[in-house]
Every structure is written in structure tokens, then in C-alpha cells.
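Asker: This is the structure I have questions about; it appears just below.
We did not get these values from a lab; they are worked out from the coordinates using the rules stated. Keep in mind it's a predicted model, so treat the numbers as computed, not measured. Don't worry about glycine lacking a Cβ; one is built from the backbone with ideal geometry, like all the others, and counts go over all protein chains shown.
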There are 2 protein chains.
Amino acid sequence: MSSKQVSSARSRTERAIVTAAVRVWVRDRTATLPQIAEAAEVGRTTLHRYFPERDGLLRAATEHALEVVGGAIAEAEPDRGHPLEAIRRVVAALASTSEAIMFVFGDQSLARDVVPAAEPDLPTPHDPVIDLIRRGQAEGVFDDQLSAEWIQQVLWGVSYTAFEQVEQGTLAKFDVATTVIRTLEHGITARATPERQP
Amino acid sequence: MSSKQVSSARSRTERAIVTAAVRVWVRDRTATLPQIAEAAEVGRTTLHRYFPERDGLLRAATEHALEVVGGAIAEAEPDRGHPLEAIRRVVAALASTSEAIMFVFGDQSLARDVVPAAEPDLPTPHDPVIDLIRRGQAEGVFDDQLSAEWIQQVLWGVSYTAFEQVEQGTLAKFDVATTVIRTLEHGITARATPERQP
DNA sequence: TCGGAATGGAAGTTTGCAGTTCCAATATAG
DNA sequence: CTATATTGGAACTGCAAACTTCCATTCCGA
């Protein structure tokens, strides 16, 4: 895309800045640029050279986070195997990108304003996770009384909740995938509930 | 608590400001005080007279939102009846306080910093919802392989997700309680899944 | 009706951060 | 080794929003 070949130094610095931005902003959305420069171990001047304005960095950080999440989902091969197995792989994959997910979904204004601009076509149309859910519904594995979009949002929401718990030490990182999957598959009720008889 | 009797005017104005703050900040955490003054139909000067600094209003808004949510939960009588029925009442009650819930839980820094200061003893110890979940687990209704705290967080998380969907028009307000409860009770899988056989 | 309480408009001050400029120091490639 | 690219320290401007002050007006209870 760039007209000139980027030097290795440039790309290394840019990557450091963007990842630092995600890392810092995920904990404090109001963190200042100097704070991010410090986290990236980069001078304030350098940061402004790479990203002349705050919004540009915000967008780059968002795009980067989306790439990380998208890549993890792709690696999980959601279009392969039994839907239940596939979604377990997806959850496990998401667990390894918790920072990126919390960054993107931790601020509703990000998801509302920046994400659409960042991904002109990928987000809603042809989402591999939606495809997986639809496939699972067609095969009678997932509840087809619930919309695929709702199920997807629940997947994000429950995963996000788990990441939060890890963050505050209430849940062991190791248990994230198991807990999320168990909750998704059976809800919060004990197994084999006598189908409502309260 | 106050040494002087508060005039009806004072309390009416204060209430208008606080509810406006919740209403505005739930959609845009970065909204300015003039914006809130306008939403409260109150002069900028008046707002500053009631809340000399931003943090004070933020705290008051948080306390108010917590009171609203706590009141709704209490009205749902979570300690009465079958746990499944009780939690359905709680979800229905939460649905009517979506604004307050989204305000408190929509910003992790709020839940992290302001909430503990706002409720010195109520939040974690002796939470009626936790009590309900524990009771349900003891009666074999809720999954006792999951911690009560996790189940509570899932309850919040799924409800929050539903409110978001309503906000963006993806879910009808009318369907919130049904959808949340169905998801909580059975997860995202079709009823009577042949207990794993992928 | 009268007087204190409450309100709000307008125009301050202060603060903190984004964005800029300049120049010297250092790293990297040819 | 030298030239160019990259970096970053420091001091600047500009701006937006929090917070303040003053005073005229309106509301409300005694």
C-alpha cells in the first residue's frame, strides 16, 4: 500500500506504539498520549510523527485488535467439524486474544464509530462465527429459536465477562475456556433440569 | 442525613441533574457538564452549585443508579419461591432498569473505582442475587459446578448484552426478558442435546 | 405580599492535553 | 566511515472543558 518500502525500524516502532496503545487503553480509555509513548518506550515526538493525531492511533489500534481477533478465529477453523467442537475451538482461540477483545468491545463508542470505519465490509457481512452458528442451527445443535446474531453477541458477552473475572483475579486464566463453554452450552442451570415445573 | 431540611425545590433540581447525568453519560461517557446541564433543563451555574466538581456528580449518579437497580431487585423478591421463578422475576426487574445497569456496568473504571466507594458494604457482602443463586444451587436447580459469583456475572453480562441489542434496534424491548431467561437457562444449544457426541 | 432562597446568564480564570517546532543525539545503511 | 534516516528532549501554541465570580431575575414559603 505504501509508496516507499518501510524500513524495519519504522515498522518495529509502529508496531510497538500500536500494541502499547491497545495495552494501555484497554485498562484506561482516557490515558493520554504521553502515557502511551512511555508504555511503548518511545519519545512523545516519535509517537506524534507516526500518528499526527489521536484519532489515527485509535483507529490503528482498533484495526490491529480486530486483525488479532480475526486471525485467531480463522486459525480455529470454525467451518470444520461438529459445530459444538468448532465453537469450543473458537472460544479457546478467543481466550488467547482477551486483550484485543476487551479493547474493541470494552468501549461501546469504539464498536459503534471506529469499527465500522476500520472494516468496511468484513464485520457484519460474511462473519465466520455467524456462519458457524447458522450451520449449528441448521444441524439442530444450536437453538434456532434464538437469532444467530443474538447467539454471537452472547458468545462475545460471556467471553468478555470471563476475561474481566480473570483481570480481577476472580477466575483462573486456565479455567476460562472450560467455564465459558460450559455456560454457553448449558446455561446456568444444573444438567437435566426437569423442563420447568417450578 | 442533612442537617437542614431540604426544600422541595432543592431536591427536585438535584434529582433532575442526577438522572440527566445518568441518561446522558450512559450514551457518551465523555459528555461535558454543559451538556448535562442542558439535558437536566438547568443552568450551568446551578449544576455547579449542586455539584462543585465533576467527580461529585459522577459519584452521585453512580449511587443513584445502584439504588435504582437495588430497589428493582428487592421488589422482585429473589428470596421467595422456586429459584427459577425467582430469577425470572429478577431478570424482568432488571429489564426495567436497563439505563441504570448500562451506566454502572458500561464503564469498567466506574465499577472498579466509584462503585466500591459508593457502597461501602452492600455490594459484595450479602448480595441478594448471590443468595438466590446459592439457594438455587443448594436445591439442585442451578449448576453448582459454576461459582455463584460467575453465575451472577453471567446474569449481568447477558442482560447487558440484551440491553445493547435493544439500544441498536437488533432486539425488541418486549423480548428482552424472554430471550435472556431462555439463554440463561439453556445456553445457546438446542433443547435436549444428546449430551455431547460430536 | 414580602424577603430570603434558588436560579441562570455572562464573562471571567485555570488546567491539562493535543498537536507543533526546533535541534541535537543516535542509529542504520551504503 | 559517512550520509541519511530515525529518534527524542524541550519548549511552544491552541483549545476545550472544568471551575469561579458577579449580578439580575424568578420562585416560593411564611
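Asker: Based on what the data block shows, is B:LEU57 within 16 Å of DNA strand D (Cβ to nearest atom), crowded, with 19+ Cβ neighbours inside 10 Å, touching a residue at least 12 places away in the same chain (Cβ under 8 Å) and more than 14 Å from chain A (Cβ to nearest Cβ)?
Answerer: Answer is yes for this residue.
Asker: If you don't mind, another one. For the range A:174-186, give me each residue that is free of Cβ contacts under 8 Å to residues at least 60 places away in the same chain and more than 8 Å from chain B (Cβ to nearest Cβ). Step through it out loud before you land on a result.
Answerer: If we filter the range A:174-186 for residues that are free of Cβ contacts under 8 Å to residues at least 60 places away in the same chain, which is where we start, we get A:174-175, A:178-179, A:182-183, A:186.
If the condition is that a residue be free of Cβ contacts under 8 Å to residues at least 60 places away in the same chain and more than 8 Å from chain B (Cβ to nearest Cβ), then A:PHE174, A:ASP175, A:THR178 are the ones that fit.
Asker: Related question: Can you tell me which residues in the range A:13-29 are within 12 Å of DNA strand D (Cβ to nearest atom) and either exposed (fewer than 15 other Cβ atoms within 10 Å of the Cβ) or outside any helix (DSSP H, G or I) (or both)?
Answerer: First pass over the range A:13-29, keeping only residues within 12 Å of DNA strand D (Cβ to nearest atom): A:13-17, A:20.
A:ARG15 - this is the single residue of the range A:13-29 that is within 12 Å of DNA strand D (Cβ to nearest atom) and either exposed (fewer than 15 other Cβ atoms within 10 Å of the Cβ) or outside any helix (DSSP H, G or I) (or both).
Asker: Can I ask one more? Kindly state which helices (runs of 4 or more DSSP H) lie completely within the range B:121-188 and contain at least 1 residues that are in contact with a Phe, Trp or Tyr (Cβ under 6 Å, 6 or more places away or on another chain) and either farther than 21 Å from A:GLY106 by Cβ or among the β-branched types (Val, Ile, Thr) (or both). Spell out how you get there, then give the answer.
Answerer: Numbers: elements: B:128-138, B:148-167, B:176-186.
Here the list reads B:128-138.
Asker: Is it true that A:THR62 is hydroxyl-bearing (Ser, Thr, Tyr) and either assigned to a loop (DSSP other than H, G, I, E, B) or farther than 23 Å from B:GLY106 by Cβ (or both)?
Answerer: On the way: hydroxyl-bearing (Ser, Thr, Tyr): yes; either assigned to a loop (DSSP other than H, G, I, E, B) or farther than 23 Å from B:GLY106 by Cβ (or both): no.
Criteria not met by A:THR62.
Asker: Please tell me if B:ALA74 is over 30 Å from A:ARG27 (Cα atoms), away from DNA strand C (no atom under 16 Å from the Cβ) and either among the hydroxyl-bearing types (Ser, Thr, Tyr) or in contact (Cβ under 8 Å) with a residue 60 or more places away in the chain (or both). Spell out how you get there, then give the answer.
Answerer: Values: over 30 Å from A:ARG27 (Cα atoms): yes; away from DNA strand C (no atom under 16 Å from the Cβ): yes; either among the hydroxyl-bearing types (Ser, Thr, Tyr) or in contact (Cβ under 8 Å) with a residue 60 or more places away in the chain (or both): no.
It is false that B:ALA74 is over 30 Å from A:ARG27 (Cα atoms), away from DNA strand C (no atom under 16 Å from the Cβ) and either among the hydroxyl-bearing types (Ser, Thr, Tyr) or in contact (Cβ under 8 Å) with a residue 60 or more places away in the chain (or both).
Asker: When the residues of the range A:37-54 are narrowed to those that are near DNA strand C (Cβ under 8 Å from one of its atoms) and assigned to a helix (DSSP H, G or I), which ends up surrounded by the fewest Cβ atoms within 10 Å (Cβ to Cβ)?
Answerer: If we filter the range A:37-54 for residues that are near DNA strand C (Cβ under 8 Å from one of its atoms), which is where we start, we get A:44-45, A:48-49, A:51-54.
After this cut, where a residue has to be assigned to a helix (DSSP H, G or I) as well, the list is A:44-45, A:48-49, A:54.
On the way: A:ARG44: 13, A:THR45: 8, A:HIS48: 14, A:ARG49: 13, A:ARG54: 13.
Only one residue fits best here, namely A:THR45.
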